[in-house]
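The values are calculated or read from the model by the stated rules, or taken from the named source; none is laboratory data. All figures in this text were calculated on a predicted structure; none of them were measured in a lab. Note: ideal-geometry Cβ built from the backbone for every residue, glycine included; neighbour counts use all protein chains shown.
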Amino acid sequence: MTRENLDDAIRQILSRYRHLMTEAERRADRAFYFQGKIRPDSQPAETAERTASAEEALDDPVAQGLFKKGRERFLREMARRIVAEHGDQLPRCAACGAVFRSPNPKTCFDCAIIPAQSLTTRA
């Protein structure tokens, strides 16, 4: 799987399966969200409010550890965990095993198989 396909797969997993995040992952993700909202040209009160919100999200030591890894590494590890723990709930290509980008795919982006007969959900 190429880096582009991996990044797209991570985006798809995060957009469709966020409900499978742990509480610590939710907190770390929220802290990343507030961190991204802080701009250099922000008003001091706005910056303080967003910083406080990010710090509040990081009350949990596990969330702090996830946050310290950095956003990209955090997202990759979270997506891998979701696939590892909940892979049986994700639609996959029967030919190559790749997680489909959507619930009703027209083609597999990894092996180019048309999934009419290859759509599986591991049960």
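Taking the options Phe67, Phe34, Phe74, name whichever one is in a helix (DSSP H, G or I), buried (at least 18 other Cβ atoms within 10 Å of the Cβ) and at pLDDT below 80.
Residue meeting the stated conditions: Phe34.
One line per residue, one yes/no per condition, for (1) in a helix (DSSP H, G or I); (2) at pLDDT below 85:
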position: His19; (1), (2): yes, no
position: Pro40; (1), (2): no, yes
position: Val83; (1), (2): yes, yes
position: Arg92; (1), (2): no, yes
position: Ser102; (1), (2): no, yes
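Take the residues of region 15-31 that are under 23 Å from Asp59 (Cβ atoms) and in contact with a helix residue (DSSP H, G or I) (Cβ under 7 Å, 6 or more places away or on another chain): which is surrounded by the most Cβ atoms within 10 Å (Cβ to Cβ)?
Residue satisfying both the conditions and the ranking: Ala28.
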